[in-house]
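To keep things clear, I will list the structure first and then write my remarks on it.
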Amino acid sequence: MLRCLFPHIFSLLFWCFSGIVAASAQGLEGGLYLGGIASQVDGDFSAGFNKAGMAFGGFVQFPFDQSWSLQVELGYEQLGSAREGILILRNHQLSLPWLLRYDLPIQLSDGEHHVGLMAGLVPGYLFSARSEFGGVTNLLDRYDLRSLVGIEYKFSDQVSLVMRYGYSVLSFLNTNAPLANNLLGPGKVGLAHNYIQFNLRLWIIGS
């Protein structure tokens with residue numbers, strides 16, 4: 001499974017690098033990030049943020065003024081759900097967050113600290129999905145849409161830590177696929193990603 005994802009991962013890294021180079025040429029800010037995800041799927045047979053996954057990618061920031069900016073990202077994410085060590089659903093996703101960002105300098109006794117607040121939408125594309133019974137990619141929509149809110153703390157001009165929460169705007173269950181309802185829990189009508197993400201960011205350009 002991972003071997004099948006290698007071409008996509010290399011393509012993602014290439015486009016992230018290309019975007020950062022282009023942003024650098026235009027005097028924008030951007031960099032790379034790497035982190036982890038704790039996720040669950042609302043609507044299936046599990047509960048709790050038991051599915052651990054990884055996330056990595058690149059980001060570019062388009063400033064409107066000193067406080068407000070548009071942050072666009074391209075990243076790979078592992079979403080899904082698990083229960084008592086049993087895999088319920090593992091999704092390999094390409095995500096493209098579009099976030100409105102507000103940078104808030106906070107003056108404390110030891111100096112100025114920089115915090116960023118962000119919120120927006122995340123269009124996503126599903127590479128593949130598996131459950132404990134095997135591949136279930138055809139039972140899910142290839143494209144999904146999620147909402148995302150988060151906060152970022154900058155340790156320096158080059159390094160920051162981000163914590164974010166995401167939730168599906170629309171169900172990603174392919175209701176036209178035979179057997180798709182087998183993924184639903186009792187009384188449920190759709191599936192929604194519900195996840196918390198932490199990542200460490202390296203600001204390569206513009207800082």
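Values quoted throughout were computed directly from the atomic coordinates according to the rules given, and no laboratory measurement underlies them. Everything quoted here is computed from the prediction, not taken from an experiment. Note: ideal-geometry Cβ built from the backbone for every residue, glycine included; neighbour counts use all protein chains shown.
Taking the Cα centre of the range 75-125 as reference, the dipole from Cβ charges on Lys and Arg (+1) and Asp and Glu (-1) amounts to some 320 debye. Extension gain, Y125 to A38: 0.36 nm times the residue separation minus the Cα-Cα distance gives 29.4 nm.
Computed extension gain for D110 through Y167, at 0.36 nm per residue and net of the alpha carbon distance, reaches 16.9 nm. For the pair L70 and A177, a Förster radius of 41 Å applied to the C-beta separation gives a FRET efficiency near 0.70, rounded to the nearest 0.05. The slack between Y143 and F155, meaning 0.36 nm per residue of separation minus the straight C-alpha distance, is 0.8 nm. Here the dipole of the range 85-207 is about 400 debye; that uses its Cα centre as origin and unit charges on the Cβ of Lys and Arg (positive) and Asp and Glu (negative). Remark: the range 122-167 carries a charge dipole of roughly 20 debye about the Cα centre, counting +1 on each Lys and Arg Cβ and -1 on each Asp and Glu Cβ. Here is the list for the range 63-131: chymotrypsin sites (Phe, Trp or Tyr not before Pro) lying in DSSP coil, each with at most 11 other C-beta atoms within 10 angstrom of its C-beta, are F64.
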